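The values are calculated or read from the model by the stated rules, or taken from the named source; none is laboratory data. From a predicted model like this one, the values you see are computed outputs, not experimental measurements. Every residue, glycine among them, receives a Cβ derived from its backbone with ideal geometry; neighbour counts consider all protein chains shown. Side chains included, ligands, DNA and RNA excluded: accessible areas come from the protein's heavy atoms. Shrake-Rupley method; radii C 1.70, N 1.55, O 1.52, S 1.80 Å.
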Amino acid sequence: KLMRASLPSTIKIHQNIQSDGLVMGDPTQIHQVMMNLVANAGYAMQDNGGQLTVNLERVLLEEEIAANHPNLKSGPYLKLTVSDTGPGIPQTYLNRIFEPFFTTKEKGEGTGMGLAVVHGIVTGHGGDILVRSEQGKGASFFVFLPAVEKRMQPETRIAIPPPTGTESILF
């Protein structure tokens, strides 16, 4: 609902949530990742409309795959994919899109910090973000965050009475 309110009505949203897995992270920062990716997709499709697709699934990265991505280790991850049917990102820009202050937007329309912040948050949580884009066919961002196997239980404390003594305190 929050995404819908920030996008033009010409953009259709399709969601495919296949996991209720957990990651160890700051919910506010994860929300910021999602909103930045959605805002960028919306900006790319603002003129002609299109479809925004959000997928969430649990994946197991094998060592061979993780070896190709230095920020990832083998193991369980939650993979968030945000895809759009916009014009795509030119290949010449793909190596620079996560750089701070890099933007293709007109002056006054963007700071170039959105994807840099997203990259920082994701890598700070032990994950990585990858992008695939083809001119005229849209863009897809793949966010990998390490999955947590089980919910953490709150620490149970045993009430111990405070120590007492026979001392005197002078004021």
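Observations
- Listed residues Thr92, Thr156, Thr103, most fluctuating in the chain (Gaussian network, C-alpha, under 10 Å): Thr156
- Sites matching GluC sites (Glu not before Pro) across segment 117-171 that sit in DSSP coil, with at most 10 neighbouring C-beta atoms within 10 Å: Glu149, Glu155, Glu167
- For the chain, accessible area per residue (1.4 Å probe, heavy atoms of protein chains only), Å²: 69 Å²
- Unit charges on C-beta of K, R, D, E only; dipole of segment 120-171, Debye: 260 debye
- Neighbour-limited loop hits for chymotrypsin sites (Phe, Trp or Tyr not before Pro), segment 71-132 (at most 10 other Cβ within 10 Å; DSSP other than H, G, I, E, B): Phe101
- Mean residue ellipticity at 222 nm, helices only, the chain: -7000 deg cm²/dmol; runs of at least 4 DSSP H residues each add -39,500 (n - 2.57), and the sum is divided by the number of residues.
- Among the trypsin sites (Lys or Arg not before Pro) found in segment 1-67, those both in a DSSP coil and sparsely packed, with 12 or fewer other Cβ atoms within 10 Å of their Cβ, are Lys1.
- Column: log10 I(q)/I(0), Debye, Cα scatterers of segment 26-151, q = 0.12, 0.15, 0.20 Å⁻¹: -0.46, -0.71, -1.23
- Most mobile of Ile17, Ile121, Ile158 in a GNM of the chain (Cα contacts under 10 Å): Ile158
- Counting only lysines at least 8 places from Lys150 when in the same chain, those with an alpha carbon closer than 18 Å to its own are Lys79.
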